[in-house]
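Engineer: Have a look at this one.
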């Protein structure tokens with residue numbers, strides 16, 4: 001099992017380093033399909049993501065590519081919402097089996113949405129023009145920002161998926177950010193969100209720390225190798241393929 005998890009961490013890390021997409025959208029369903037309890041898969045993924053997002057956040061903070069105000073308003077909505085999602089699942093989801101079935105079904109639909117969004121953004125993202133709303137100041141968009149954080153935070157709290165992909169997609173079309181600032185802001189906010197959610201799952205006993213260690217051992221060299229090759233490999237076809245893999249994983253979890 002450890003060898004399999006190491007190799008999976010290596011594979012997922014490699015894809016993330018190579019294309020910038022994947023992460024929890026690949027890892028969580030893979031863990032579930034390997035037979036790991038969905039509740040444990042989600043809790044473990046939160047802690048794993050917290051560690052990886054921490055290093056990314058530090059680097060972007062040093063580069064000053066984080067919009068701290070946007071992170072603050074997103075977190076005001078997303079963090080309480082994620083906590084509510086975890087609490088509702090644990091205390092009103094019945095047995096652990098039923099909780100697992102709720103996670104699998106929700107995760108399946110979220111993955112399908114993430115997959116379609118990833119494919120559309122990859123193939124047609126260059127065709128979209130900036131809308132008039134995107135040019136408004138952040139202060140004018142505080143209510144929608146908090147509501148957006150609350151909506152997506154609830155989804156992330158249930159499934160561990162979307163802390164990066166869903167928020168990045170929303171920020172792309174709602175806020176005027178440089179590419180590096182969008183990535184940095186997305187990672188910094190995701191770090192806060194998955195860390196708080198991970199702490200709650202630790203308290204509830206839903207985290208397999210040995211699994212976290214094995215994933216990290218595999219994924220760190222995978223990310224380095226993928227990042228090294230990213231400049232030499234056409235990214236768009238790979239992102240499309242990953243989107244198709246995520247789509248198939250979502251359908252598999254539902255049916």
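The values are calculated or read from the model by the stated rules, or taken from the named source; none is laboratory data. These numbers come from a predicted model, not from an experiment. Please note: Cβ atoms are built from the backbone with ideal geometry, for glycine as well, and neighbour counts cover all protein chains shown.
Engineer: Would you check which residues across the range 54-94 are under 16 Å from residue 207 (Cβ atoms) and modelled with pLDDT under 85 and list them?
Structural biologist: Passing the criteria: 89, 90.
Engineer: Show me the helices (runs of 4 or more DSSP H) found entirely inside the range 151-255 where at least 1 residues are within 19 Å of residue 87 (Cα to Cα).
Structural biologist: Those helices (runs of 4 or more DSSP H) span 179-203.
Engineer: Being modelled with pLDDT of 80 or more and more than 21 Å from residue 106 (Cβ to Cβ) is the requirement here; does residue 195 meet it? Break it down into steps so the answer makes sense when it comes.
Structural biologist: On the way: modelled with pLDDT of 80 or more: yes; more than 21 Å from residue 106 (Cβ to Cβ): yes.
Criteria met by residue 195.
Engineer: Which pairs turn up if I take residues in the range 113-137 that are farther than 19 Å from residue 234 by Cβ and look for partners that are in a loop (DSSP other than H, G, I, E, B) and at pLDDT 75 or above with beta carbon separation below 9 Å, at least 6 apart in sequence or on another chain?
Structural biologist: 113/162; 114/161; 114/162; 130/176; 134/175; 134/176; 135/176; 136/176
Engineer: Filter the range 58-89 for residues that are more than 30 Å from residue 140 (Cβ to Cβ) and touching a helix residue (DSSP H, G or I) at 6+ places or on another chain (Cβ under 7 Å) and give the result.
Structural biologist: Within the range 58-89, 86, 89 qualify.
Engineer: Let me ask something additional. Is one or more of the residues making up the range 140-150 assigned to a helix (DSSP H, G or I) and under 13 Å from the mean Cα position of the chain (by Cα)?
Structural biologist: Checked the range 140-150: no residue is assigned to a helix (DSSP H, G or I) and under 13 Å from the mean Cα position of the chain (by Cα).
Engineer: Cβ contacts < 8 Å: first residue closer than 15 Å to residue 209 by Cα, restricted to the range 24-37; second residue surrounded by fewer than 18 Cβ atoms within 10 Å (Cβ to Cβ) and modelled with pLDDT under 85, any location; separation 6+ or different chain. Result?
Structural biologist: 37/96
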